[in-house]
Structures are given as structure tokens and as C-alpha cells.
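Notes follow the structure.
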Amino acid sequence: YKAAVDPICKKNTQAHERILAGVKQEVKAGKLKTAAAKFTKSSAALKRTLRELEKVPGPAADEARLSKWFGLIKVEAELFATAGKKLRAGDKAGAEHIVTKLSQNANKANLEVLPFGFRYCRLEPAKFT
């Protein structure tokens, strides 16, 4: 399973690195609309990745674990979109609150799939935000 999904996650990680490059500095500089567009784009990329991951057949014994993980990834994508909406509205503090939730959600997701030993399928929003 790891061999099948890690390349999908690697592609997603690289996309996030490209999309969210410089987003911290943009927020600090008050370029909230530009940063908002990046968060929205990142959300769409994560949703596409989730659809790809869901197509890969997982081990039957881990069906519940994977289902929970997919749910947490979906929440992650929604949080990226929400942060984008907050930034677009000029609500920097609200966006920062959402980014905190992003980190908490990512930690839960990562703990859920720890037994798989993924290299790239670990969510690390702090790396980008």
C-alpha cells in the first residue's frame, strides 16, 4: 500500500511547496488576497490528491484506519479553503486561527497512519504556513 500511495503524496507535497511558496511573507506584508489565492489553490490540489488516494485499494485490515485518515485529509482541504476565505475577507487573525487548526488536524492524520511508515503521506502544514 505504501509503495502505491507514497508517489501520489510526493506529487502533492511538491505541489504544496510550489503553490504555497512565500505565503508567510505575503501574509506578513499584508498581501492577503495573493495569499488567499494560494490557500484556495492548495485546497483544490489536496482534494484532487484525496480522490487519487481513495482509488488505491488498501489492506482490508486497515479499512477503518484509512477511512478515518481520508476524513482527516478532507478536513485539511476544507481548512485550507477556509483560511483562503478568511484572508480574502481581510481577516488575518481568523486565518491564523484556521492555520492552527490545520496543524492540529495534520497531527491527528499523521498519527492515524503512523504504522504505514509513509515518507510523503504525512501532512505538514507548518512547513508551508
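The values are calculated or read from the model by the stated rules, or taken from the named source; none is laboratory data. Remember, it's a predicted structure, so these values are computed and weren't measured experimentally. Note that we place each Cβ from the backbone using ideal geometry, even for glycine, and neighbour counts take in every protein chain shown. Just so you know, the surface numbers come from the protein's heavy atoms only, side chains and all, with ligands and any DNA or RNA stripped out. Shrake-Rupley method; radii C 1.70, N 1.55, O 1.52, S 1.80 Å.
Under the condition of being open to solvent by 90 Å² or more (accessible area, probe 1.4 Å) and at positive phi, the residues counted in the range 104-129 number 0.
When every residue of the range 115-126 is checked against the conditions, at least one turns out to be within 15 Å of the chain's Cα centre (by Cα) and assigned to a helix (DSSP H, G or I). Kindly indicate whether A93 is in contact (Cβ under 8 Å) with a residue 12 or more places away in the chain and over 25 Å from A4 (Cβ atoms). Here the answer is no, as A93 does not meet what is asked. Here L114 clears all of (1) of a type outside the set (D, E, K, R); (2) in contact (Cβ under 8 Å) with a residue 24 or more places away in the chain; (3) under 18 Å from D6 (Cα atoms) except the condition numbered (2).
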